[in-house]
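Below you will find the structure I want to go over with you.
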Ligand code: SF4
């Protein structure tokens, strides 16, 4: 059967999109955390789970007085996994947190301030080299904890861009980020708010079944409404599926996995 032709990609009116989203949703005030370390921990915990689950896990870490790099790193893995159980995939995430804190202690003496003195490109490469940290998690850390002007891409971003013909299907993580970084000023506050607004759009309107009639972006024509779903960049769910965490998978699988960015 001949393949359906891919519609051409058009120029996204990013400023008008931003204005429409901001007018509709109002200020998003991300990222909700008391410290930059907590923010980075949250960026790992939020992989493949709803933010409400992350909040419960963070609250348990706080009660255990473990929201400090050395204390978190010193915690026995089973105990750490138990604290973060509400976030799902807790054994995998415990190992990821351990890998992150180990690197933070070894490379930066456990100091988040020292970590963010690293040039952002090098820091991004270092973060990506840590087990379980992919581009979305690394960029969330760089933007929301470090204040660096990098654009965070997630499945919601990809979905609304493809539906409107502003991104080609199969575009990589970096290509998707460039849709924004090439056309907008490198402004961390703008990127912070834009990403948060896109998540609000994805949660409320641009869902698997879109609610275009009430959507603040309804004035722009849609190219297609059924882009193939799939991970962008590394696929955390796929990584997890091959991690051998059978009991944990069964446990987490009983929950409905929703998109995971705060709040
Ligand atoms: S819900 Fe419809 S109008 Fe809104 S962003 Fe998605 S495709 Fe566009």
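What follows is calculated from the coordinates using simple rules that are stated; it is not laboratory data. Computed from a prediction, not measured in an experiment: that's the story for all the values here. With ideal geometry, Cβ positions are generated from the backbone for all residues, glycine too; neighbour counts draw on all protein chains shown.
Could you order the peptides 157-167, 110-120, 187-197 from most to least packed, using the average number of other C-beta atoms within 10 Å per residue?
157-167, 187-197, 110-120
Another one. Relative contact order for the stretch 36-149: what percent, with Cα pairs under 8 Å and sequence separation of 6 or more?
29
Go through 99-109, 211-221, 78-88 and give me the packing order, highest mean Cβ count within 10 Å leading.
With the highest mean Cβ count within 10 Å placed first, the list reads 78-88, 99-109, 211-221.
Highest mean first, what order results for 129-137, 21-29 on Cβ atoms within 10 Å?
Descending mean neighbour count gives 129-137, 21-29.
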